[in-house]
Amino acid sequence: MVAFAGWSLPVQYRDSHVESHVHTRRHCSLFGVSHMLQTKIFGCDRVKLLETGGILDDLIVTNTTEGHLYVVSNAGCWDKDLALMQDKVKEFQNRGSAVGLEVIDNALLALPMLQAGVADDLRKLPFRTSAVMEVFGVSGCPVTHCGYTGKDGVEISVPTSEAVHLATALLENPEVKLAGLAARDSLHLEAGLCLYGNDIDEHTTPGEGSLGWTLGKRRRAIMDFPGAKVIVPQLKGEVQRRRVGLICEGVPTWAHRPILSMEGTMIEECGNGLCAIQVHRPGTQLLVEVCKTQQMTMVSKMPLVPTNYYTLK
C-alpha cells in the first residue's frame with residue numbers, strides 16, 4: 001500500500017506486477033479508482049465553462065443524455081481541478097450564465113468489458129459513450145465505455161454503500177482478478193496513454209504530448225478554443241519536442257532518466273519519452289542513462305501494444 005493524494009492505494013495484490021499485467025491483457029482485471037474526483041456540470045453553458053488552454057490535467061468528460069457533463073479527474077489534481085471549476089462556475093453565474101456544479105460522492109470501479117450482471121446490451125455502448133444502467137442489481141449506475149489500459153473497458157460509478165457488493169459480485173467471475181497501481185502504470189504505458197505529472201503537465205502542449213486526436217477538424221479550422229494560436233500551428237508540425245515511445249535494451253529504465261543522442265549529448269528526460277523533434281522519428285537510435293551506464297534505446301511508434309476499442313461501424 002502507498003499513500004497517494006490522501007488515499008491509501010494498493011501497488012499490487014496477491015499476484016505479482018507482471019502476473020497482474022498479463023492477466024489484464026489476456027482476461028479481465030478489476031481496478032478500484034474511487035480516489036478519482038467525480039463531478040457533474042450542468043446548465044446550457046456547461047461545455048463552454050470547461051474549455052481551457054494548455055494541459056491542466058488528463059481527465060474524461062462525458063456529455064451525458066441526462067443533460068449534464070460527467071467529469072472524472074485525477075486524485076492528485078483534486079483540489080486544483082475543483083477550485084478551478086468552482087471559480088469558473090461563479091464567474092459564469094455572475095455574468096448571468098446558467099451553469100452549476102455538483103461533486104458526486106460515489107465509488108468508481110474500472111474493468112474490461114463484462115456483459116455479465118449488466119442489464120443493458122454493452123454492444124450498444126461504443127467507445128467514449130456512457131449510459132445509466134443497472135449493474136448486479138444496483139440501479140442508476142453511470143457506466144462509461146473507456147479504456148485506460150488500452151483494452152476495451154468500462155468505469156462504473158456506484159453509490160459507496162453498494163461498492164463492496166458490486167466488487168464482490170464482479171470478482172465471483174473466475175476470469176476477474178484485482179489489479180493495483182503497478183499494473184495500471186505499465187498497461188497505460190504500453191497503450192501510449194498519458195498520465196498527468198509523469199508524461200504531461202502544465203508545461204506540455206497537446207502538440208508536444210502527441211494529443212492532436214483530442215481536437216477535431218472543425219475546432220482546428222475555426223480556432224475557437226483557448227490557446228488555439230499556439231496549439232494549431234504545433235499540430236501542423238511546428239513543434240520543438242514531442243512525446244514518443246522508447247524501447248530499451250538491457251536493464252529496464254524508468255522515469256526521469258537522461259535521454260542522450262548517440263554522440264552523448266543530453267536531449268531530455270524519460271517520461272514515456274519527450275524528445276526533440278529531430279530525433280522523434282520511429283527507428284531513431286538513442287542512448288538512455290541508467291545506473292551511471294549508457295544503453296541503447298530506440299524511438300517507437302505509440303501505442304506499443306495496439307488498442308482495439310469497440311466502435312459502432
(message) Could you check region 117-138 and list, in sequence order, the residues that are over 23 Å from residue 307 (Cα atoms) and not in a strand (DSSP E or B)?
(response) 117, 119, 120, 136, 137
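If only one of 37, 49, 69, 82 is farther than 17 Å from residue 106 by Cα and either in contact with a Cys (Cβ under 8 Å, 6 or more places away or on another chain) or not assigned by TED's automatic domain parsing to the domain that holds residue 231 (or both), which one is it?
Going through 37, 49, 69, 82 in turn, just one is farther than 17 Å from residue 106 by Cα and either in contact with a Cys (Cβ under 8 Å, 6 or more places away or on another chain) or not assigned by TED's automatic domain parsing to the domain that holds residue 231 (or both): 49.
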(request) Please state which one of 264, 271 is closer than 27 Å to residue 146 by Cβ and either loosely packed, with under 11 Cβ neighbours inside 10 Å or modelled with pLDDT under 85 (or both). (result) 271
(message) I'd like to verify a number: residues in region 1-24 that are surrounded by fewer than 17 Cβ atoms within 10 Å (Cβ to Cβ) and among the hydroxyl-bearing types (Ser, Thr, Tyr), how many?
(response) 3
(request) Only strands (runs of 3 or more DSSP E) wholly contained in region 274-313 count here; list those with 1 or more residues that are assigned by TED's automatic domain parsing to the domain that holds residue 246 and out of contact with any Lys or Arg (no Cβ under 7 Å at 6 or more places or on another chain). (result) 285-290, 293-300
(request) Take the residues in region 1-53 that are charged (D, E, K, R) and within 25 Å of residue 81 (Cβ to Cβ), then tell me which one is farthest from the chain's Cα centre (by Cα). (result) 45
(message) Checking the structure you have, find out if any residue of region 229-238 is among the polar types (S, T, N, Q), outside the structural domain of residue 157 (by TED's automatic domain parsing) and either out of contact with any Pro (no Cβ under 6 Å at 6 or more places or on another chain) or crowded, with 17+ Cβ neighbours inside 10 Å (or both).
(response) yes
(message) Which residue is modelled with the lowest pLDDT, if the candidates are limited to region 119-155 and must be buried (at least 20 other Cβ atoms within 10 Å of the Cβ) and more than 15 Å from residue 65 (Cα to Cα)?
(response) 147
(request) Consider residue 245 carefully, then state whether it is within 30 Å of residue 127 (Cβ to Cβ), in contact with a Leu (Cβ under 9 Å, 6 or more places away or on another chain) and of a type outside the set (Lys, Arg). (result) yes
(message) For region 205-217, check the following and say yes or no: at least one residue is touching a residue at least 60 places away in the same chain (Cβ under 8 Å), among the hydroxyl-bearing types (Ser, Thr, Tyr), more than 23 Å from residue 305 (Cβ to Cβ) and surrounded by 11 or more Cβ atoms within 10 Å (Cβ to Cβ).
(response) yes
(request) Could you run through region 229-264 and say how many residues are under 22 Å from the mean Cα position of the chain (by Cα), in a strand (DSSP E or B) and of a type in the set (Val, Ile, Thr)? (result) 1
(message) What's the number of the only condition in (1) in a loop (DSSP other than H, G, I, E, B); (2) without any contact (Cβ under 8 Å) to a residue 24 or more places away in the chain; (3) not polar (S, T, N, Q) that residue 220 fails to meet?
(response) (1)
(request) Scan region 159-184 for residues that are outside any helix (DSSP H, G or I) and surrounded by fewer than 17 Cβ atoms within 10 Å (Cβ to Cβ) and jot them down. (result) 159, 172, 173, 174, 175
(message) List the residue pairs whose Cβ atoms are under 6 Å apart, where the first residue sits in region 93-104 and is under 16 Å from residue 47 (Cα atoms), the second is surrounded by 14 or more Cβ atoms within 10 Å (Cβ to Cβ) and hydrophobic (A, V, I, L, M, F, W, C), and the two are 6 or more positions apart or on different chains.
(response) 99/49; 99/89; 99/92; 100/42; 101/41; 101/85; 101/89
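The values are calculated or read from the model by the stated rules, or taken from the named source; none is laboratory data. Quantities reported herein were computed from a predicted structural model and do not represent experimental measurements. Cβ sites come from the backbone with ideal geometry, for glycine too, and all protein chains shown count toward neighbours.
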